1. Just for strands (runs of 3 or more DSSP E) wholly inside the stretch A:31-112: which have at least 2 residues that are within 25 Å of residue B:54 (Cα to Cα) and within 14 Å of another protein chain (Cβ to nearest Cβ)?
2. Taking into account only those residues within the stretch B:3-21 that are surrounded by fewer than 17 Cβ atoms within 10 Å (Cβ to Cβ) and of a type in the set (A, V, I, L, M), which is farthest from residue B:61 (Cα to Cα)?
3. Take residue B:58 and tell me if it is among the charged types (D, E, K, R) and surrounded by 19 or more Cβ atoms within 10 Å (Cβ to Cβ).
4. Which residues, taken from the stretch A:14-39, are among the hydroxyl-bearing types (Ser, Thr, Tyr) and either closer than 21 Å to residue A:112 by Cβ or surrounded by fewer than 16 Cβ atoms within 10 Å (Cβ to Cβ) (or both)?
5. Enumerate the strands (runs of 3 or more DSSP E) found wholly within the stretch B:21-74, keeping only those where 2 or more residues are among the polar types (S, T, N, Q).
6. Of the numbered conditions (1) hydrophobic (A, V, I, L, M, F, W, C); (2) surrounded by fewer than 17 Cβ atoms within 10 Å (Cβ to Cβ); (3) more than 10 Å from every other protein chain (Cβ to nearest Cβ), residue B:76 fails exactly one; give the number of that condition.
7. What is the one condition in (1) outside any strand (DSSP E or B); (2) among the acidic types (Asp, Glu); (3) within 12 Å of the chain's Cα centre (by Cα) that residue B:103 does not satisfy?
Amino acid sequence: RKEVEQDPGPFNVPEGATVAFNCTYSNSASQSFFWYRQDCRKEPKLLMSVYSSGNEDGRFTAQLNRASQYISLLIRDSKLSDSATYLCVVNIGHNYGQNFVFGPGTRLSVLP
Amino acid sequence: DTAVSQTPKYLVTQMGNDKSIKCEQNLGHDTMYWYKQDSKKFLKIMFSYNNKELIINETVPNRFSPKSPDKAHLNLHINSLELGDSAVYFCASSKEGGRVSYEQYFGPGTRLTVT
């Protein structure tokens, strides 16, 4: 089983739609969780951290279920500019600190 | 000002050559990383350095050698390049917080093509 798995996608949705991405991780000792966004031919950029109680940032809501080792990202009222690949990232830790493992990404295309 | 910079942005070279990619961060971060993103877009860590010391070295051929002259720089040298080395290489940095996890900042990437 891969360490971090995501919906394979791609997701093609109309503007204004709500879309949800799922991610699962295998290492129960994972310490922290993030969603990154990567535009075509660009570097990944942090979208939001994911907290145990769930958190929201504008149109974006992230949820974490440690028992099920599951993370989700909900995007409401999709915009054309949301088109990108969304990467689930898990910090599985290391003796000296951080070891980030990236999921394969889910591609989103928001259509006019 | 660019937070994490890499040079060159594009690198086209022939099999068997030796090449280097440079990375610099001006964020004052303690930890720097090299990632490889292959044609399937899967981003995989190669190395991690904390305060100039190697802390993660994933299964990477020993033709790849990272060098950290100081905390702000982490360069990647590749010997005897092979076709399979063609990929985008990203440098990243983050604060080191022990049990606290900080976000990573990525450089723009170096697109390496081996012919």
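1. Result: A:32-38, A:44-50, A:84-91, A:100-102.
2. Looking at residues that are surrounded by fewer than 17 Cβ atoms within 10 Å (Cβ to Cβ) and of a type in the set (A, V, I, L, M), I get B:3.
3. Numbers: among the charged types (D, E, K, R): yes; surrounded by 19 or more Cβ atoms within 10 Å (Cβ to Cβ): no.
Answer is no for this residue.
4. Of the residues in the stretch A:14-39, the ones among the hydroxyl-bearing types (Ser, Thr, Tyr) are A:18, A:24-26, A:28, A:30, A:32, A:36.
Passing the criteria: A:18, A:26, A:28.
5. Values: elements: B:31-37, B:43-50, B:53-57, B:64-70.
Passing ranges, in order: B:31-37, B:43-50, B:64-70.
6. Going through (1) hydrophobic (A, V, I, L, M, F, W, C); (2) surrounded by fewer than 17 Cβ atoms within 10 Å (Cβ to Cβ); (3) more than 10 Å from every other protein chain (Cβ to nearest Cβ) one by one, residue B:76 breaks only (2).
7. (3)
To keep it simple, each residue is scored yes or no on (1) buried (at least 21 other Cβ atoms within 10 Å of the Cβ); (2) polar (S, T, N, Q).
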site	(1), (2)
A:63	no, yes
A:70	no, no
A:77	no, no
A:80	no, no
A:105	yes, no
A:112	no, no
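The values are calculated or read from the model by the stated rules, or taken from the named source; none is laboratory data. Fair warning: this is a prediction, and the values are worked out from it, not measured in the lab. Quick reminder, even Gly has a Cβ in these numbers, built from the backbone with ideal geometry, and neighbours come from all protein chains shown.
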